[in-house]
Amino acid sequence: MSANVPPNQPQSAYDMQAAQARGMQSMQGVSSPMSNLAYDVITALQSKLEGLNAYDKYCRDGNVQLWQQIAQLDQQAVMMLTQALEQLAQAGELRPSRTGQQPQQPSAAPRA
């Protein structure tokens, strides 16, 4: 534990995020407008896309073949995650389901 950080205080960005999550969980009546699965897919997709951007920069520093191979793997992951997100959207599973309620289907537009 760092001498500059008082006990029970977050020491890193990860600790701060965990503390914020615990605080959000303790608030009653507040829930995420997105399902956990959709959030996980979007977060993983963001991570892979950021990685692809970084690998492009790493190629400039050398060992181009290594970074291109890793980028190819992440591009495959991006395609899989994009497909998963599309499937969640098509199935109406982006938002969490409320207990006892079915996901709402879009209503048909009235005919003119």
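Readers should treat all values here as calculations from the given coordinates under stated rules, not as data from a laboratory. In this text the structure is predicted, and so the values were computed from the model without any measurement. A quick note on method: Cβ atoms are made from the backbone with ideal geometry, for glycine too, and the neighbour counts reach across all protein chains shown.
Farthest towards the positive end of the charge dipole of the stretch 38-90, among the residues 68, 39, 51, is the Cα of 68, using unit charges on the Cβ of Lys, Arg, Asp and Glu.
Let me check I've understood the local charge: for residue 79, count other residues with C-beta under 13 angstrom from its C-beta, Lys and Arg +1, Asp and Glu -1. What total comes out? Local charge sum for residue 79: -1. Summing charges over all other residues whose Cβ lies under 15 Å from the Cβ of residue 43, with Lys and Arg as +1 and Asp and Glu as -1, gives -2. Here the dipole of the stretch 38-90 is about 120 debye; that uses its Cα centre as origin and unit charges on the Cβ of Lys and Arg (positive) and Asp and Glu (negative).
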